[in-house]
């Protein structure tokens, strides 16, 4: 028989507060979200919040740092150890972008903060900016490695990664966040279908074929 320990319960409660705070920040903004709003939505006492987190700023920073690590891990799976065939590159790239879109879908509130930003404390704004920079550098690292292996032509990987991230952000904006008419076809696509579209751009735009 399995037993749930007090430590397990505490960990679950902590994660619950983190998820609720993220949704509150995404829906209402940092300054309009009070600790009292978070604890009310989470169904916990205010003292419970301060047991786990020193302040609203502290929980916002933890949210960003935790989600950042998961997002960068998704992107860095595209780092190639050895040269492969074009078909294998296509398959690996489709898997990478599908995982990226799935992560974005599963972490919609975090991606909204990342893409749209948030008026908040300077430390939190800096953390959001740093995450965006790390994301672009992770793609840049993949591109540089692919160029070293002769998979991609030797161009400017900084520009290439910036273009790729801009494309991904534009697609996410319309896929996840924009209810306007004209994007219904895009919004109906799966993560796998979007990944195939991005790979087409990757090979036409980066490989030049």
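Mind checking whether some residue in segment 14-32 is surrounded by 16 or more Cβ atoms within 10 Å (Cβ to Cβ) and within 27 Å of residue 198 (Cβ to Cβ)? There is at least one residue in segment 14-32 that is surrounded by 16 or more Cβ atoms within 10 Å (Cβ to Cβ) and within 27 Å of residue 198 (Cβ to Cβ). The residues of segment 142-151 that are in a helix (DSSP H, G or I) and buried (at least 16 other Cβ atoms within 10 Å of the Cβ), listed by number, are 142, 143, 144, 145, 146, 147. Here the condition is being modelled with pLDDT of 95 or more and either more than 15 Å from the chain's Cα centre (by Cα) or more than 29 Å from residue 115 (Cβ to Cβ) (or both); of 18, 22, it holds for 18 alone. Between 125, 154, the distinction of being more than 20 Å from residue 29 (Cβ to Cβ) and either surrounded by fewer than 20 Cβ atoms within 10 Å (Cβ to Cβ) or free of Cβ contacts under 8 Å to residues at least 60 places away in the same chain (or both) belongs to 154 only.
Residue-level check: of (1) part of a loop (DSSP other than H, G, I, E, B); (2) within 30 Å of residue 200 (Cβ to Cβ); (3) touching a residue at least 24 places away in the same chain (Cβ under 8 Å), residue 31 misses just (2). Among the residues examined, residue 64 qualifies as in contact (Cβ under 8 Å) with a residue 40 or more places away in the chain, assigned to a helix (DSSP H, G or I) and under 19 Å from the mean Cα position of the chain (by Cα).
Listed here are the residues, each with its yes/no results for (1) assigned by TED's automatic domain parsing to the domain that holds residue 21; (2) in a helix (DSSP H, G or I); (3) farther than 18 Å from residue 151 by Cα; (4) without any contact (Cβ under 8 Å) to a residue 24 or more places away in the chain.
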residue: 36; (1), (2), (3), (4): yes, yes, yes, yes
residue: 39; (1), (2), (3), (4): yes, yes, yes, yes
residue: 48; (1), (2), (3), (4): yes, yes, yes, no
residue: 75; (1), (2), (3), (4): no, yes, no, no
residue: 79; (1), (2), (3), (4): no, no, no, no
residue: 83; (1), (2), (3), (4): no, no, no, no
residue: 91; (1), (2), (3), (4): no, yes, no, yes
residue: 113; (1), (2), (3), (4): no, yes, yes, no
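Considering segment 167-189, and only residues there that are at pLDDT below 85, out of contact with any helix residue (DSSP H, G or I) (no Cβ under 7 Å at 6 or more places or on another chain) and not in a loop (DSSP other than H, G, I, E, B), the residue that is nearest to residue 117 (Cα to Cα) turns out to be 184. As an exercise: evaluate residue 102 against (1) within 12 Å of the chain's Cα centre (by Cα); (2) in contact (Cβ under 8 Å) with a residue 60 or more places away in the chain; (3) over 23 Å from residue 197 (Cα atoms) and give the number of the one condition it does not meet. So residue 102 meets the others, but not (3).
The values are calculated or read from the model by the stated rules, or taken from the named source; none is laboratory data. Computed from a predicted model, the values in this text were never measured in an experiment. Cβ sites come from the backbone with ideal geometry, for glycine too, and all protein chains shown count toward neighbours.
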